[in-house]
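The values are calculated or read from the model by the stated rules, or taken from the named source; none is laboratory data. Fair warning: this is a prediction, and the values are worked out from it, not measured in the lab. For neighbour counting, all protein chains shown are included, and Cβ atoms are generated from backbone atoms with ideal geometry for every residue, glycine included. Heavy atoms of the whole protein, side chains included, go into the accessibility calculation; ligands, DNA and RNA do not. Shrake-Rupley method; radii C 1.70, N 1.55, O 1.52, S 1.80 Å.
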Amino acid sequence: MPAQLRLAYVHPVQPPAAGAADNPRMADHPVLAAFHPAVAGWFARRFPAPTPAQQRAWPAIRSGGDVLVAAPTGAGKTLTGFLAALDALVREGLAHGLPDATCVLYVSPLKALSNDIHLNLEAPLAGIAEELARLGLPELAIRTAVRTGDTPAGARAALRRQPPHVLVTTPESLYILLNSASGRAMLGGVRTVIVDEIHALVQSKRGSHLALSLARLDALCGRRPQRIGLSATQKPVEAVARFLAGAAPLPTVIDIGHDRPRDLALELPPTPLEPVMSHPQWAQVYARIAELAAAHATTLVFVNTRRMAERTARQLAELLGEPQVAAHHGSLSRELRLDAEQRLKRGELKVLVATASLELGIDIGDVELVCQIGSPRSIAAFLQRVGRSGHHVGGVPKGRLFPTSRDELLECAALLDAVRRGELDALRMPLAPLDVLAQQIVAEVAARDWDEDALYACLCSAYPYAGLPRERFDAVVRMLDEGFASRFGTRARYLHRDAVQRVLRARKGARLVATQSGGTIPDLGDYSVVLEPQAITIGSVTEDFAIESIGGDVFQLGNASYRVLRVEAGVLRVEDAQGQPPSIPFWVGEAPGRTDELSIALSRLRAGVQAQLEQGGAMQAAAWLRDGLQLPAEAAQQIADYAAAQWT
């Protein structure tokens, strides 16, 4: 199965000039000289030069130790992690053939991102094959595959028959593979593990879950595979490094920094903001976004909730034309999200309205402008979202902030000030969550019998569990052995604990429970929306919205309107409403909270404004905001007047 690498994240690809591969300056670059000539030749034909991240990371990766690459979007991190692994496969294949086993494991936090990585592996593999032929060397068949929850059963069976050399997966699918005999056989020869967007995992239980899966992978392989982490710049980066390494020595950290030129600005409606934005002001905001979108080839509009994404997409579609606008959020089906991504990539869309579903590095082509409606409530989220524009080496991200109230205006001004100062949100990692530990203990013991002391040492090699007291581990094991009493008898006895031999064995059904209950992403109980008569799932809505719907209701999903036919258990059946005016569905509990670092920046801004008010009134405060924080005159005046009204 062909594969390719996400080139849009590295350089804007231009047709190579004649004789580019023979350019002695490029061919003799020190970091490329260490690669096989076919790999170095492909790179020289495609790109003008290695990025700073690549120049520093590739020697460290070839040394065999763990490496963490922390750099802003567009720094070539993906190719940094992949190319050294592909080079090793090329050298081994030419020397004595490739093994019939998985050698490189690529873990991505999103299923869509995993598919994107796999689809974009084709270019370097095809290019390297051309270079091998040009050099008169034999052809190599480097197999790649993706394994996620969306992978069809036939493709999964093909993986069991013939393991890929490079496997792209998610943390949850890695856990599933570690639970099955065929998956363990496939992963037993892994030499390199690449964890993409590692910063998106560290701060949640998904990260703890992945850390334990990597510890189990180490035990399965018999020797620890090399780990390569790819991360946006974080604070403190040492915490991400410790997470990546676990009990091993700290990795080599390639920190390029996050300070780069950015084109950022506030956008205000012509009329002053109020505590709540009025309908005429919303119309002004949508008109301004449409004006900006018309002046740019592609525009990405970020909002904080799925309901807002649907509403904004509808309003912009009325201004720009329905074929020019699409919505993208987690309650749309995979097929609809992928269609929107590909349409934007092909230039068929002017505007894509998205939630956090597009924050990470999915390849959606060149984006010229990012608009953020409302405060993103996080410094890191704002930088990640704006970084989706100018997403290539040398590109300048361009972002526009649209506050929706006077309080949001202050928060957005504080956000821009924090970015200007180079501040970041601090990482907060959950330490030793016991529910995740119990899950992984059952899964690992279901795969094979374990000595208690050896299992404790294995799982404590994961950084979140490095300080786990032995008595807490024993308490979890005892719970899994004894279960709990209910009116129907003892339940949840998944393990058998041999107190004499100190050996743990799985009870009947343990493997099934571990597989069906794995992961930390909660099951929300949403209703699937099924389009009739095609019987196609187009997305999902919250249970409350579904049970309150009645036949004949028209609502919008994915910037298209649908009429409710009937509500069944877990399913909302609909038909095409042929463009009739819809209502907008609602979802519960999805708006983000403000981070501590942004709250500190907002408090600093308020204190500074108050000090200026005390010294010289609203006029001096507005001048301070204009000159000190480089805010537009209108924004500075509105903040000063609002603060003065509160102060008096």
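May I ask you to list the residues in the stretch 531-549 that are farther than 15 Å from V571 by Cβ and without any contact (Cβ under 8 Å) to a residue 40 or more places away in the chain?
Residues of the stretch 531-549 farther than 15 Å from V571 by Cβ: 544, 548.
Scanning the stretch 531-549 gives a single hit, E548.
Residue by residue, here is whether (1) open to solvent by less than 50 Å² (accessible area, probe 1.4 Å); (2) under 20 Å from G399 (Cα atoms); (3) not aliphatic (A, V, I, L, M) holds:
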site	(1), (2), (3)
P272	no, no, yes
Q284	no, yes, yes
T298	yes, yes, yes
T312	yes, yes, yes
L316	yes, yes, no
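Pairs are defined by a Cβ separation below 8 Å, a sequence spacing of at least 6 or placement on different chains, a first member in the stretch 232-257 that is charged (D, E, K, R), and a second member that is buried (at least 23 other Cβ atoms within 10 Å of the Cβ) and part of a loop (DSSP other than H, G, I, E, B); the pairs so defined are D255/A71.
The set of residues in the stretch 75-99 that are open to solvent by 10 Å² or more (accessible area, probe 1.4 Å) and not in a helix (DSSP H, G or I) comprises A75, G97, L98, P99. Selection over the stretch 322-340 of residues that are surrounded by fewer than 23 Cβ atoms within 10 Å (Cβ to Cβ), of a type outside the set (G, A, S) and either more than 13 Å from T298 (Cα to Cα) or modelled with pLDDT under 90 (or both) gives a count of 7. Considering the stretch 516-536, the residues that are surrounded by 15 or more Cβ atoms within 10 Å (Cβ to Cβ) and touching a Ser or Thr at 6+ places or on another chain (Cβ under 9 Å) include one that is farthest from S208 (Cα to Cα), namely L531. Counting the residues of the stretch 563-572 that are open to solvent by 50 Å² or more (accessible area, probe 1.4 Å) and either closer than 17 Å to S331 by Cα or among the basic types (K, R) (or both) gives 2. Among the numbered conditions (1) of a type outside the set (K, R); (2) at pLDDT below 95; (3) closer than 30 Å to S213 by Cβ; (4) open to solvent by less than 20 Å² (accessible area, probe 1.4 Å), the only one that G395 does not meet is (3).
Taken as a whole, the stretch 588-607 holds at least one residue that is in contact with a strand residue (DSSP E or B) (Cβ under 9 Å, 6 or more places away or on another chain) and open to solvent by less than 50 Å² (accessible area, probe 1.4 Å). Residues of the stretch 398-418 that are surrounded by fewer than 23 Cβ atoms within 10 Å (Cβ to Cβ) and touching a Phe, Trp or Tyr at 6+ places or on another chain (Cβ under 7 Å): R406 alone.
For the stretch 573-587, which residues satisfy the criterion of being under 29 Å from the mean Cα position of the chain (by Cα) and open to solvent by 20 Å² or more (accessible area, probe 1.4 Å)?
First, pick out the residues of the stretch 573-587 that are under 29 Å from the mean Cα position of the chain (by Cα): 584-587.
Answer for the stretch 573-587, where residues must be under 29 Å from the mean Cα position of the chain (by Cα) and open to solvent by 20 Å² or more (accessible area, probe 1.4 Å): I584, F586, W587.
V13 falls short on exactly one of the conditions (1) surrounded by fewer than 19 Cβ atoms within 10 Å (Cβ to Cβ); (2) at pLDDT 90 or above; (3) β-branched (V, I, T), and that condition is (2). Scanning the stretch 392-428 for residues that are in a loop (DSSP other than H, G, I, E, B), in contact with a Ser or Thr (Cβ under 8 Å, 6 or more places away or on another chain) and not β-branched (V, I, T) returns G395, P397, P403, L424, D425. Quick check on my filter: what residues within the stretch 461-476 are crowded, with 20+ Cβ neighbours inside 10 Å and closer than 16 Å to V445 by Cα? Matches in the stretch 461-476: F473 only.
Remark: pairs (first residue in the stretch 76-87, farther than 19 Å from T233 by Cα; second residue among the aromatic types (F, W, Y); Cβ separation under 6 Å; 6+ apart in sequence or on different chains) = A84/W58; D87/F35. Pairs are defined by a Cβ separation below 8 Å, a sequence spacing of at least 6 or placement on different chains, a first member in the stretch 156-185 that is open to solvent by less than 20 Å² (accessible area, probe 1.4 Å), and a second member that is part of a helix (DSSP H, G or I) and acidic (D, E); the pairs so defined are L178/E444. For the residues Q234, Q203, the requirement of being over 19 Å from G519 (Cα atoms) and either in contact with a Cys (Cβ under 6 Å, 6 or more places away or on another chain) or modelled with pLDDT under 95 (or both) singles out Q234. Selection within the stretch 219-244: residues that are open to solvent by less than 30 Å² (accessible area, probe 1.4 Å) and in a helix (DSSP H, G or I). The member of this set that is farthest from L437 (Cα to Cα) is V237. Within the stretch 444-474, the set of residues being over 23 Å from S180 (Cα atoms), in contact (Cβ under 8 Å) with a residue 24 or more places away in the chain and not aliphatic (A, V, I, L, M) comprises D453, Y463, P464, Y465, G467, R472, F473. S204 satisfies every condition listed in (1) surrounded by fewer than 22 Cβ atoms within 10 Å (Cβ to Cβ); (2) farther than 18 Å from E359 by Cβ except (2). When restricted to residues that are outside any helix (DSSP H, G or I) and in contact (Cβ under 8 Å) with a residue 60 or more places away in the chain, the stretch 315-330 contains 3. Please determine whether any residue of the stretch 250-266 is charged (D, E, K, R), surrounded by 13 or more Cβ atoms within 10 Å (Cβ to Cβ) and farther than 26 Å from L230 by Cβ. Scanning the stretch 250-266, I find no residue that is charged (D, E, K, R), surrounded by 13 or more Cβ atoms within 10 Å (Cβ to Cβ) and farther than 26 Å from L230 by Cβ, so the answer is no.
When you scan the stretch 59-74, how many residues do you find that are assigned to a helix (DSSP H, G or I) and buried (at least 23 other Cβ atoms within 10 Å of the Cβ)? Explain how you work it out, then say what you get.
Kept after step one, since they are assigned to a helix (DSSP H, G or I), are these residues of the stretch 59-74: 59-62.
Narrowing the set further to residues that are buried (at least 23 other Cβ atoms within 10 Å of the Cβ) leaves 61.
Number satisfying all stated conditions: 1.
Scanning the stretch 595-646 for residues being closer than 14 Å to R420 by Cβ, in contact with a helix residue (DSSP H, G or I) (Cβ under 7 Å, 6 or more places away or on another chain) and outside any helix (DSSP H, G or I) gives a total of 2. Among the residues making up the stretch 496-515, those that are small (G, A, S) and either more than 33 Å from the chain's Cα centre (by Cα) or open to solvent by 40 Å² or more (accessible area, probe 1.4 Å) (or both) are A499, A506, G509. Assuming V301 fulfils every condition listed in (1) closer than 28 Å to L415 by Cα; (2) assigned to a loop (DSSP other than H, G, I, E, B) apart from one, which condition is it? Status for V301: all satisfied but (2). Does the stretch 264-279 include one or more residues that are free of Cβ contacts under 8 Å to residues at least 12 places away in the same chain and farther than 28 Å from C458 by Cα? Yes, because at least one residue in the stretch 264-279 is free of Cβ contacts under 8 Å to residues at least 12 places away in the same chain and farther than 28 Å from C458 by Cα. All conditions but one from (1) open to solvent by 50 Å² or more (accessible area, probe 1.4 Å); (2) free of Cβ contacts under 8 Å to residues at least 24 places away in the same chain apply to D481; the one that does not is (1).
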